[in-house]
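Data first, discussion second: the structure below is written as structure tokens.
The values are calculated or read from the model by the stated rules, or taken from the named source; none is laboratory data. No experiment lies behind these values; they were computed from the predicted model shown. Note that we place each Cβ from the backbone using ideal geometry, even for glycine, and neighbour counts take in every protein chain shown. With ligands, DNA and RNA removed, areas are computed over all heavy atoms of the protein, side chains included. Shrake-Rupley method; radii C 1.70, N 1.55, O 1.52, S 1.80 Å.
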Amino acid sequence: MRATRMDEGVGRLLTAAAPAVDPPCEVAIDRVWSRVAAEMNEKPPRYRRRGRVVAGAGLAAFVLGAGGVAAAEVWSAHTGRAVTDPEIRELSGPGEHIDPMAPDYPQVYDELTADIEFPDAKSRAIARAIDIQIRDQDVADARRSGHSVGMVSGGIRAQAARDAICAWGNQWAASTKSGSTSERNEAIAALQASVSWPAVTDIDPEQIYGPQERWTDTDSGRTGTYYPQETEFAYLPDVVQAASGADIARMGKLLEDCWADLVPALPHREATPVLDGQD
């Protein structure tokens, strides 16, 4: 993007106020200005499933561009900016704006999700690989389109909590089938505790479905019901209730949106994504 005279003037002021640094490289300039453009144009955010939000980069990116290479060297996924927009907070949770385009995003992901309990290291690694893969695809799409991509710490943590609930549901199903009392009891205890995990309650303290409504397919005449006002973890109390029984089909239905690799012992699985075109 071509800088304007006003941009040059602001840059001179910032340069005078800051220590001298080497001129930024062309790649860094292109990256910074593409992010600033998204913010200045006030493009509406693009939302995707599982709490990921695309948003502008804000003033921090502008200062980074004027600061040059020295600032770019400390570019982190931690932006230090709290979520204040009510719509973003509702859709992606509270917390801090996270920059997934930053090189340290995987480390920041580990930091944000460290307190979320998984049955074992394998299930945690599977969930992490899938979530990072989706992030990689979002970043690749953003680079191709010239837009910025953003996330929220509360949304990242909530997705990791969903993954952990899936993994505990899988251990519950496997141990129910095998008759392993200790593993089943461990899974039941974890699922019971999950309703009060901070990663869950920060984004959904209510966990309710709300009024049920009916839908009708005008072409086929089929009808059914749905919950238009359900909260993010509305299904979780039902998962806890199902865990006290032995109905694996019911648990599979409640956890049908889990990635297949996390729930091999459950039916009604959603396929694990295969993402193409990564940079």
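Could you please let me know if Val108 is touching a strand residue (DSSP E or B) at 6+ places or on another chain (Cβ under 7 Å) and over 29 Å from Pro237 (Cβ atoms)? Reasoning before the result, please.
Values: touching a strand residue (DSSP E or B) at 6+ places or on another chain (Cβ under 7 Å): yes; over 29 Å from Pro237 (Cβ atoms): yes.
So Val108 fits the description; yes.
Tell me, which residue of the stretch 225-252 that is among the charged types (D, E, K, R) and modelled with pLDDT under 95 is nearest to Gln192 (Cα to Cα)?
Within the stretch 225-252, the subset among the charged types (D, E, K, R) is 230, 232, 238, 247, 250.
So of that shortlist, the ones also modelled with pLDDT under 95 come out as 230, 232.
Working: Glu230: 20, Glu232: 17 Å.
Looking at residues that are among the charged types (D, E, K, R) and modelled with pLDDT under 95, I get Glu232.
In the stretch 206-224, what residues are closer than 17 Å to Asp238 by Cβ and modelled with pLDDT of 80 or more? Can you show your working first?
Step one: filter the stretch 206-224 for residues closer than 17 Å to Asp238 by Cβ, giving 206-212.
Across the stretch 206-224, the qualifying residues are Glu206, Gln207, Ile208, Tyr209.
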Quiz prompt | Hey, Val108 at pLDDT below 95, open to solvent by less than 70 Å² (accessible area, probe 1.4 Å), β-branched (Val, Ile, Thr) and under 16 Å from the mean Cα position of the chain (by Cα) or not | solution = no
Exercise. For the stretch 109-154, name all the residues that are basic (Lys, Arg) and closer than 21 Å to Gly93 by Cα.
Key: Arg128, Arg135
Quiz item: Which one of Ala72, Ala60, Ala82, Ala66 is at pLDDT 80 or above, over 20 Å from Asp141 (Cβ atoms) and among the aliphatic types (A, V, I, L, M)?
Solution: Ala82
Practice problem: Could you please give the count of residues in the stretch 185-200 that are surrounded by fewer than 16 Cβ atoms within 10 Å (Cβ to Cβ) and either under 19 Å from the mean Cα position of the chain (by Cα) or in a loop (DSSP other than H, G, I, E, B) (or both)? | Solution: 2
Self-check item: Number of positions in the stretch 116-140 that are open to solvent by less than 60 Å² (accessible area, probe 1.4 Å), more than 12 Å from Cys166 (Cα to Cα) and touching a residue at least 12 places away in the same chain (Cβ under 8 Å)
Solution: 12
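Being under 15 Å from the mean Cα position of the chain (by Cα), among the small types (Gly, Ala, Ser) and over 27 Å from Gln207 (Cβ atoms) narrows it down to one residue among Ala129, Ala121; which is it?
Numbers: Ala121 fails: under 15 Å from the mean Cα position of the chain (by Cα).
Result of the check over Ala129, Ala121: Ala129.
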Exercise. Find all pairs meeting these conditions: Cβ atoms under 6 angstrom apart; at least six residues apart or on different chains; first residue within the stretch 91-106 and more than 8 Å from Ala77 (Cβ to Cβ); second residue surrounded by fewer than 20 Cβ atoms within 10 Å (Cβ to Cβ) and among the basic types (Lys, Arg).
Key: His97/Arg81
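Any idea which residue in the stretch 157-175 is modelled with the lowest pLDDT, counting only those that are among the polar types (S, T, N, Q) and surrounded by 21 or more Cβ atoms within 10 Å (Cβ to Cβ)?
First, the residues of the stretch 157-175 that are among the polar types (S, T, N, Q): 159, 170-171, 175.
With surrounded by 21 or more Cβ atoms within 10 Å (Cβ to Cβ) added as a condition, the list becomes 159, 170-171.
Numbers: Gln159: 94, Asn170: 98, Gln171: 98.
Filtering first and then ranking leaves Gln159.
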